[in-house]
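Notes to accompany the following structure.
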Amino acid sequence: MLTEDERDRRTVFVQQLAARLEHKHLHEFFPKVGRVKDAQIVKDRVSGRSSVGYVEFYDEESVAAAIALTGQKLKGVPIIAQHTEAEKNRQARAEGAPSAASGCLILENLGIIFSSTKLADDSGG
């Protein structure tokens, strides 16, 4: 059985997936660079939509070839394939990085109508 680190080294994170893409499409797209062990699409809990997924290969050597597919179209949309950052996420959790339970709120991409002053005023902070 593989450790988490070994699985991470055999896995790519895939972004910009077409809206109607299914995991079988990932299974059909990536075998040209290596034998696919598993392919998953991550769905939003609320909307059910997704634009990201993971592809795990049997061989670590397939990862570099999969990353080289960045820009190639899958169901008409150019994908982005990169190394997973799962190892960094595990390390951050182990080092006590803020989690949702710690009361830390991260807001991104709010647009220009929000400022730190406006947010502080609205939150009572």
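The values are calculated or read from the model by the stated rules, or taken from the named source; none is laboratory data. Remember, predicted model here, so these are calculated numbers, not experimental data. Here Cβ is always computed from backbone atoms with ideal geometry, including for glycine, and neighbour counts include all displayed protein chains.
Which residues, counting only those in the stretch 60-89, are in a strand (DSSP E or B) and free of Cβ contacts under 8 Å to residues at least 12 places away in the same chain?
Across the stretch 60-89, the qualifying residue is only 73.
Could you run through the stretch 1-38 and say how many residues are surrounded by 18 or more Cβ atoms within 10 Å (Cβ to Cβ) and assigned to a loop (DSSP other than H, G, I, E, B)?
So the answer is 5.
Let's see how each residue does on (1) at pLDDT 95 or above; (2) exposed (fewer than 15 other Cβ atoms within 10 Å of the Cβ):
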{"residue": "57", "(1), (2)": "yes, no"}
{"residue": "73", "(1), (2)": "yes, yes"}
{"residue": "78", "(1), (2)": "yes, yes"}
{"residue": "84", "(1), (2)": "no, no"}
{"residue": "88", "(1), (2)": "no, yes"}
{"residue": "100", "(1), (2)": "no, yes"}
{"residue": "110", "(1), (2)": "no, yes"}
{"residue": "113", "(1), (2)": "no, yes"}
{"residue": "121", "(1), (2)": "no, yes"}
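So how many residues does the stretch 1-17 have that are over 14 Å from the mean Cα position of the chain (by Cα) and either within 16 Å of residue 39 (Cβ to Cβ) or touching a residue at least 60 places away in the same chain (Cβ under 8 Å) (or both)?
Going through the stretch 1-17 one residue at a time, the tally reaches 4.
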